[in-house]
1. Can you list the equivalent-ellipsoid semi-axes of region 462-583, largest first and in whole Å, using the square root of 5 times each Cα gyration tensor eigenvalue?
2. Give the angle, between 0 and 90 degrees and rounded to the nearest 10, that separates the Cα long axis of helix 61-73 from the longest principal axis of the Cα atoms of the chain.
3. At 25 °C and 0.890 mPa s, what whole-number value in µm²/s does Stokes-Einstein give for the translational diffusion of region 103-180, with Rh from the Kirkwood sum over Cα pairs?
4. Once the Cα atoms of helix 250-259 and of the chain are each reduced to a long axis, what angle between those two axes, in degrees from 0 to 90 to the nearest 10, is obtained?
5. State, as an integer percentage, the relative contact order of the chain based on alpha-carbon contacts under 8 Å between residues 6 or more apart.
6. Using only Cα atoms and rounding to the nearest 10 degrees, what angle (0 to 90) does helix 340-352 make with the longest principal axis of the chain?
7. Quick check: pseudo-label points 7 Å beyond the Cα along Cα→Cβ at residue 285 and residue 498, how many nm apart are they?
8. Roughly how compact is region 1-142, stated as its Cα Rg over 2.2 N^0.38 Å to two decimals?
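Values in this text are rule-based calculations from the coordinates and carry no lab data. What you see is a predicted model; the values in this text were computed from it and never measured. Quick reminder, even Gly has a Cβ in these numbers, built from the backbone with ideal geometry, and neighbours come from all protein chains shown.
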């Protein structure tokens with residue numbers, strides 16, 4: 001590794017950037033993951049630090065964690081990053097790595113998304129820590145993201161275990177001050193410096209005879225981790241007014257501290273296993289205690305298992321993000337501001353709460369970008385009125401008005417499997433469509449397409465190839481021929497069409513989605529066929545790696561009667577005049593954000609859309 005010196009007194013970092021810096025500080029050798037909001041920025045930032053780490057995107061989360069596991073077996077430190085649902089994909093190796101343990105430190109970074117800002121669910125991944133019987137850190141700001149990431153590698157090696165670092169959207173994307181100075185990696189920081197590979201079949205080959213022994217070891221390790229949780233100093237007690245106490249962790253600590261700074265706090269940073277002695281001591285010394293945590297009653301249930309019944313979810317919701325408003329409301333219900341002594345404190349707390357807008361902005365559905373190459377495909381599917389099994393990506397917006405052209409969105413890689421399952425029911429008189437993006441195809445669509453061919457399924461698979469992982473910020477994947485460790489084209493670009501041919505599917509169509517008429521014609525042909533077939537679109541994303549403008553501009557000419565056809569594409573460049581009323585239908589116009597894709601011109605059957 002490089003031994004690059006960084007001499008920063010203070011840095012304004014997002015939580016994701018601080019995690020990357022913490023990994024570099026700890027001497028991480030391999031850092032891998034699959035992009036997913038809110039975790040996507042960790043690996044790109046680490047790749048720019050020039051720490052010497054091998055930093056790459058993987059085809060999916062399971063593969064990424066398996067790569068990290070191999071690095072750990074090779075006595076090097078490894079970090080795996082994912083959003084919360086991505087850990088579901090990687091849970092198979094995770095659950096067994098909890099038994100095998102590690103050699104080089106292995107840190108699993110999971111970024112949860114309470115409130116579902118960009119996710120299909122808001123699961124609480126703290127439960128994975130208990131499920132797997134492995135320790136967990138929960139930072140509450142960027143400084144802790146940096147420090148705890150580095151510390152997690154030490155804990156991993158000391159206790160022979162993977163370690164979870166759990167953040168949430170507000171930690172991942174919010175900026176705060178972090179202090180850092182030193183070299184990558186710090187001299188002498190690594191405890192495990194042996195580089196020679198050695199066999200250890202009983203440790204890493206989890207056939208039943210060895211796995212049973214390793215399970216007992218994992219249970220004994222958990223007992224030692226409880227002692228560590230009590231005595232490490234990572235979990236801290238702040239005694240203030242002992243009439244009121246709060247047990248909390250992560251971002252919830254920041255909200256609670258803002259609203260009730262007068263209270264005493266037990267802040268759980270090493271939040272699994274819980275520090276039983278610290279909790280018992282805090283409960284003995286503080287009178288009225290509530291637990292504040294986002295999503296599941298994880299701390300509340302674990303505390304109850306210690307025989308200590310405390311309230312928390314009775315006052316705070318089990319769904320959505322917390323915020324200062326919600327925390328203030330919950331603490332009022334819990335009686336924190338009842339007496340005269342704390343009434344003034346409530347008023348002061350209220351000053352810190354965000355102010356609502358006097359005139360709330362009108363609701364607006366998210367939409368595909370102006371010139372998005374997926375628009376014509378979804379418009380055609382809507383016109384053809386076929387059942388469409390969808391998938392995870394920016395193209396999921398094709399399910400929303402006015403397109404309404406996708407019938408499901410459940411998990412990554414579901415589209416082709418669900419299309420196969422729906423098609424065998426014969427519940428629709430029309431052929432079923434499965435649709436997914438190129439990155440999703442590599443992630444988990446290949447296997448389901450193989451299954452479809454193997455089982456003689458008959459549906460149309462559409463792969464929207466826009467040469468990027470667009471929804472999470474334009475990351476590369478095997479079809480782009482680029483990766484984080486290579487800032488240029490490389491020889492290992494994977495051809496989607498050749499993969500499909502290798503599966504044994506002969507009926508493959510390629511189409512330029514900017515040609516709407518040809519797109520519609522091709523889809524009709526594919527849907528009229530009684531075979532399993534594949535349609536591949538071939539236009540790059542309009543935003544990544546750089547914003548595209550064809551140089552053309554279009555306008556709606558005089559004579560348009562406002563038939564609304566062009567508006568049904570959902571293109572944000574086609575707009576209605578503001579505030580215009582009357583008996584006649586308003587005539588739309590095309591604003592300056594038009595990139596000249598020409599889809600609207602093809603759709604206008606009256607020929608009122610002209611190139612300028």
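1. The answer is 35, 23, 11 Å, longest axis first.
2. 40
3. Calculated translational D: 186 µm²/s.
4. Taking Cα atoms only, the helix is inclined about 80 degrees.
5. Once divided by the residue count of the chain, the mean separation gives 11 percent.
6. Once rounded, one gets 40 degrees.
7. Here the modelled spin labels are 6.6 nm apart.
8. For region 1-142, the normalised Cα radius of gyration comes out at 1.01.
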